Amino acid sequence: MAIKSDRWIREQALKGMIDPFSEKQVREGVVSYGLSSYGYDLRVSDEFRIFTNVNSAIVDPKNFDDRSFVTVQSESVLVPPNSFALARSVEYFRIPRDVLTICVGKSTYARCGIIVNVTPFEPEWEGFVTLEISNTTPLPARVYANEGLCQILFFQSDEACQISYADRKGKYQKQQGIVLPKL
């Protein structure tokens, strides 16, 4: 398995792997996004779901209570201290059958105590990415919509997998918005 370069990512993006696709790194006055040397910095949309304790809901992945969140649509959002938010990517991804991705946070946010967790994009997964954002600081932290949040690294195998995410009919296939936990 090999990490893929900007040339390969550009070729695949033009075939529909990333839409919309920014062919160069956009950085002036924003947290950078777009194509980098060996990855792609995705943008966070203006849709956020922020954890709240207003309804005293319990976070249970087998019985998720939608009242655990407040929904916010804004150009930026404050993630409360030691709290968590969900968001979605601006970009829609279509992962080839011989590719797996991992996501890592951007240093600009990491230096502010913002940790981004995204599970790998499996072969033939497609959809908008649900982004998990943790504020590890004792202070509110601002996240900016339509700017970079994390970097996707693409790994291509020397052979296609036997059973892809699409073959398994994965429960998060073709997700359109912020998708909450499913069983």
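What follows draws every value from the coordinates through simple rules; no lab data is involved. All values derive from a computational prediction rather than experimental measurement. Positions of Cβ are backbone-derived with ideal geometry, glycine not excepted, and every protein chain shown enters the neighbour counts.
What is the dipole size for region 21-127, taken about its Cα centre, with +1 at each Lys and Arg Cβ and -1 at each Asp and Glu Cβ, in debye to the nearest 20?
Values: 11 positive and 14 negative charges, 56 e Å.
Rounded to the nearest 20 debye, it is 280 debye.
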Cα gyration tensor shape of region 81-183, rounded if a/c is under 1.5, else prolate or oblate by comparing a/b with b/c = prolate
request  = Could you pull out the pairs from K4/K174; K15/K174; K24/K106 whose alpha carbons sit more than 21 Å apart here?
outcome  = K4/K174
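Only helical DSSP H runs with n ≥ 4 go in: add -39500 (n - 2.57) per run for the chain, normalise by residue count and round the 222 nm mean residue ellipticity to 500 deg cm²/dmol. It would help to have the intermediate numbers written out before the result.
On the way: 2 runs with 13 residues, N = 183.
Calculated from helices alone, the mean residue ellipticity at 222 nm is -1500 deg cm²/dmol.
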note = Shape descriptors of region 37-139 over alpha-carbon atoms, Rg and Dmax in angstrom, are 14.8, 45
task = Can you list which of the GluC sites (Glu not before Pro) found in region 17-85 are DSSP loop residues with at most 10 other C-beta atoms within 10 Å?
result = E28, E75
key: Lys/Arg +1, Asp/Glu -1 at C-beta; the chain dipole; positive extreme among A160, I50, I178   = I50
ask   = Between T71 and Y38, what is the spin-label point distance in nm, taking each point 7 Å from the Cα along the Cα→C-beta axis?
value = 4.0 nm
key: Debye intensity ratio I(q)/I(0), log10, the chain, q values 0.13, 0.17 Å⁻¹ (C-alpha model)   = -0.67, -1.10
note = Ordered by number, the trypsin sites (Lys or Arg not before Pro) in region 85-183 that occupy a DSSP loop and have at most 13 other Cβ atoms within 10 Å are R111, R168, K169, K171, K174, K182
task = Would you mind listing how long region 2-63 runs along its three principal axes, going by Cα atoms, in whole Å with the largest first?
result = 49, 32, 20
